[in-house]
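Asker: Got a structure for you, written out below as structure tokens; questions coming shortly.
The values are calculated or read from the model by the stated rules, or taken from the named source; none is laboratory data. Here the structure is a predicted model, which means the values were calculated and not measured. Here the Cβ positions follow ideal geometry from the backbone for every residue, glycine too, while neighbour counts run over all protein chains shown. For the accessible areas, the whole protein counts, side chains as well, though only heavy atoms, and no ligand, DNA or RNA atoms are used. Shrake-Rupley method; radii C 1.70, N 1.55, O 1.52, S 1.80 Å.
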Amino acid sequence: MNLGVYIQVPFCQTKCTYCNFHTGVVSRERYEPYANAVCREIAGCEEGAAAGVDTIYFGGGTPSLLEPGALERIIRTIQGKFRCEDCEVTLEADPETITGEKALAWLRAGFNRVSLGAQSFDNRELKVSGRMHRRADIYLAVEKLRAAAFGNISMDLIAGLPHQSRESWEESVGELLRVRPEHISIYILEIDEGSRLGKESLAGGRRYSAEAIPTDDAMAEFYEWACAQLAAEGYEHYEISNWALPGRRSRHNLKYWRREPYLGFGAGAHSFDGNRRWANVHDSARYVACIEQGIPAREQVDVVTAAQALDEELFLGLRQLEGIDLARIERDYKISLRERIDALRSQGLVELEGSRLRLAPGRLTVSNEVFVELLG
Ligand code: SF4
């Protein structure tokens, strides 16, 4: 089975108010040593040397902040280390970081897919969320990517940003569909207690507009409305938060939901080889120091037990709208799940068609509650 390779770039220009990822705003001088450390980690990797790689994904953070030459060096190092065939190579980029020259350089480096963090087309929502770009930057970014001949663009929106109204949401979805990227992700805002917005929601205050976050019901309505619009425009809904035009599903992300192996490089990057999961140290300075001193950057290695593997099969598999093969899972794990599933079916939360188990349409916004009940 071919591997996916993930490169973590944990740097951002500013910190979005809702974000609690391990990313930071650092001086640009730290980008180059970081890229060098990633190359060194890849070159010294002892896993998967005989395996082929068919997806590479640069995520973060904002990987488009790195110089195109640094991104290219990382890709060449991967190509030198692994057999790369028919690779989907994705770069996450913020709209305001894109120039015509950069887009061309990315294409030459080997990227064939760009994932644009649009989040919203409403300037007020973008501003209060701490995003650097504005609506006009999104159109310009797409124009530059298309001019450079990028034929595979993904864009994302967040349902539930402070000050979002039904009207502004419909406008954002409408504009997104007008731009017509090949792939769309829509996330419902999760208010993380560690983010500035999350802290304000708990402790009160007006700085980040926590009081203007739409209600859970409103967010669910926004999501449902978008589902109908995207379906009408020919987008296939294939994962709770993801839609694609035919043939444009994210091959890299499908590996996560299907529990296929991948290797992650960079600070905080995770890896999975089918039996073990491991992660690198999160702090980027510590990561670079480890690699430069020849000390393993791995912080944590966990062997996945059979019970954990079963939970992952259910939790990750059911995120996909095609669902999971229940008979195969019951056979592989020597377990009967029928009683638990009957209870969920009687509440209308899941559907069983032959041996295929999936979340019931219209219940995708309460998927976490279904998972809690199913995992027991
Ligand atoms: S750009 Fe992404 S990773 Fe960076 S702060 Fe914003 S949400 Fe977090």
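Asker: What about Gln119, is it at positive phi and within 11 Å of the ligand (Cβ to nearest atom)?
Answerer: So Gln119 passes the test.
Asker: Report, by residue number, each residue of segment 304-334 that is open to solvent by 30 Å² or more (accessible area, probe 1.4 Å), over 25 Å from Ala279 (Cβ atoms) and not in a helix (DSSP H, G or I).
Answerer: Within segment 304-334, Leu321, Glu322, Asp325, Lys334 meet the criteria.
This table checks each residue for (1) within 14 Å of Val89 (Cα to Cα); (2) in contact with a helix residue (DSSP H, G or I) (Cβ under 8 Å, 6 or more places away or on another chain); (3) among the aromatic types (Phe, Trp, Tyr).
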| site | (1), (2), (3) |
| --- | --- |
| Arg30 | no, yes, no |
| Ile42 | no, yes, no |
| Cys45 | no, yes, no |
| Ala51 | no, no, no |
| Thr55 | yes, yes, no |
| Thr62 | no, yes, no |
| Glu67 | no, yes, no |
| Glu72 | yes, yes, no |
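Asker: Going by the structure shown, is Cys45 outside any helix (DSSP H, G or I), more than 16 Å from the ligand (Cβ to nearest atom), closer than 25 Å to Met1 by Cα and modelled with pLDDT under 95?
Answerer: Details: outside any helix (DSSP H, G or I): yes; more than 16 Å from the ligand (Cβ to nearest atom): yes; closer than 25 Å to Met1 by Cα: yes; modelled with pLDDT under 95: yes.
Answer is yes for this residue.
Asker: While we're looking at this one, here's another question. Which members of segment 110-157 meet the condition of being of a type in the set (Val, Ile, Thr), surrounded by 24 or more Cβ atoms within 10 Å (Cβ to Cβ) and under 21 Å from Ala226 (Cβ atoms)?
Answerer: Quick first cut of segment 110-157, residues of a type in the set (Val, Ile, Thr) only: 114, 128, 138, 142, 153.
Going one step further and asking which of them are surrounded by 24 or more Cβ atoms within 10 Å (Cβ to Cβ), we end up with 114, 138.
The one that is of a type in the set (Val, Ile, Thr), surrounded by 24 or more Cβ atoms within 10 Å (Cβ to Cβ) and under 21 Å from Ala226 (Cβ atoms): Ile138.
Asker: Still on this structure: Can you find, within segment 9-35, the residue that is nearest to Gly194 (Cα to Cα) among those that are open to solvent by 40 Å² or more (accessible area, probe 1.4 Å), touching a residue at least 60 places away in the same chain (Cβ under 8 Å) and over 20 Å from the mean Cα position of the chain (by Cα)?
Answerer: Arg30
Asker: Still on this structure, please answer the following. Determine which member of the set Glu85, Glu92 is in contact with a strand residue (DSSP E or B) (Cβ under 8 Å, 6 or more places away or on another chain) and at pLDDT below 95.
Answerer: Criteria check complete, one pass: Glu85.
Asker: Moving on. Can you tell me which residue in segment 48-64 is farthest from the ligand (Cβ to nearest atom), limited to those that are open to solvent by 10 Å² or more (accessible area, probe 1.4 Å) and within 30 Å of Lys127 (Cβ to Cβ)? Write out each step before concluding.
Answerer: Taking segment 48-64 and keeping what is open to solvent by 10 Å² or more (accessible area, probe 1.4 Å), we get 48-51, 54, 57, 60-61.
Next, from what is left, pick out any that are within 30 Å of Lys127 (Cβ to Cβ): 57, 60-61.
Numbers: Tyr57: 14, Gly60: 6, Gly61: 5 Å.
Step by step, filter segment 48-64, then rank; the result is Tyr57.
Asker: Of the residues Glu221, Glu236, Glu190, which single one is closer than 22 Å to Leu116 by Cβ, modelled with pLDDT of 95 or more and open to solvent by 20 Å² or more (accessible area, probe 1.4 Å)? Write out each step before concluding.
Answerer: Working: Glu221 fails: closer than 22 Å to Leu116 by Cβ; Glu190 fails: modelled with pLDDT of 95 or more.
None of the others qualify; the one that does is Glu236.
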